[in-house]
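One structure is given here, and the rest of the page talks about it.
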Amino acid sequence: AMERDAAVIATGGEADFDEDRPRFRPARVDRIIRDGDRVELGGTVLVAHRTAGHTEGCTTWTTVVSENGRNYSVIFVCSARYSPGVKLVNNERYPDIAKDYAATYAKLKALSPDVFLASHGFFFGLVEKAKRLEQGGQPNPFIDPAGYKAYIEQSERDFLAELRKQGGSP
């Protein structure tokens, strides 16, 4: 787990800044990762990117895959969306939340993946893309740099609107 989420996992959610999130059975974190760390398994290398805001240690992963002799950069976005009801201004449990979200958008905009995946299928149109792929959709619908860019831009616009609504400024 990313170091800023390890305590949340170990406490079953009790250490989470968002008191409204459901609690769960605590789990032991066997490895703490940091921004830029690499995790390798079976020849696949994943790079961890701290993209905080949704959680303090929200982790986006990138990797490279090969298909039909071509390499594709892949991203698994943790979440770049603002969670309704979360205080972005004067949040005593997470004072840097707005600053972390801003850093997350800058980091995600600097990445340019070919394949956009995320923690929730609706973020990237999983069901629709799977149907198109099943029907022989060409080009591969999961190769979607424009969808990635649109998701990041819309998430940032929504965040900024909520930040202003709460009396903060970018």
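Which residues, counting only those in region 78-93, are open to solvent by 30 Å² or more (accessible area, probe 1.4 Å) and not hydroxyl-bearing (Ser, Thr, Tyr)? If the condition is that a residue be open to solvent by 30 Å² or more (accessible area, probe 1.4 Å) and not hydroxyl-bearing (Ser, Thr, Tyr), then Arg81, Pro84, Gly85, Lys87, Val89, Asn90, Glu92, Arg93 are the ones that fit.
Look at region 118-149 and say how many of its residues are closer than 15 Å to Thr104 by Cα and either free of Cβ contacts under 8 Å to residues at least 12 places away in the same chain or open to solvent by 70 Å² or more (accessible area, probe 1.4 Å) (or both).
Going through region 118-149, the residues closer than 15 Å to Thr104 by Cα turn out to be 118, 148-149.
If we keep only those that are either free of Cβ contacts under 8 Å to residues at least 12 places away in the same chain or open to solvent by 70 Å² or more (accessible area, probe 1.4 Å) (or both) too, we end up with 149.
So the answer is 1.
Given the criteria surrounded by 14 or more Cβ atoms within 10 Å (Cβ to Cβ), touching a Ser or Thr at 6+ places or on another chain (Cβ under 6 Å) and at pLDDT 95 or above, does Ile75 qualify? Considered against the rule, which asks whether it is surrounded by 14 or more Cβ atoms within 10 Å (Cβ to Cβ), touching a Ser or Thr at 6+ places or on another chain (Cβ under 6 Å) and at pLDDT 95 or above, Ile75 comes out as yes. Scan Val47, Val29 and give me the residue that is out of contact with any Lys or Arg (no Cβ under 7 Å at 6 or more places or on another chain), over 14 Å from Val115 (Cβ atoms) and surrounded by fewer than 18 Cβ atoms within 10 Å (Cβ to Cβ). Testing whether each residue is out of contact with any Lys or Arg (no Cβ under 7 Å at 6 or more places or on another chain), over 14 Å from Val115 (Cβ atoms) and surrounded by fewer than 18 Cβ atoms within 10 Å (Cβ to Cβ) leaves just Val29. If you go through region 28-56 and keep only what is part of a loop (DSSP other than H, G, I, E, B) and either farther than 25 Å from Asp96 by Cβ or under 10 Å from the mean Cα position of the chain (by Cα) (or both), you end up with Arg28, Asp30, Gly42, Gly43, Thr51, Ala52, Gly53, His54, Thr55.
The values are calculated or read from the model by the stated rules, or taken from the named source; none is laboratory data. Quick caveat, the model's predicted, so the values are computed rather than measured. Cβ atoms come from the backbone with ideal geometry, glycine included; neighbour counts cover every protein chain shown. Surface areas here come from the heavy atoms of the whole protein model, side chains and all, with no ligands, DNA or RNA. Shrake-Rupley method; radii C 1.70, N 1.55, O 1.52, S 1.80 Å.
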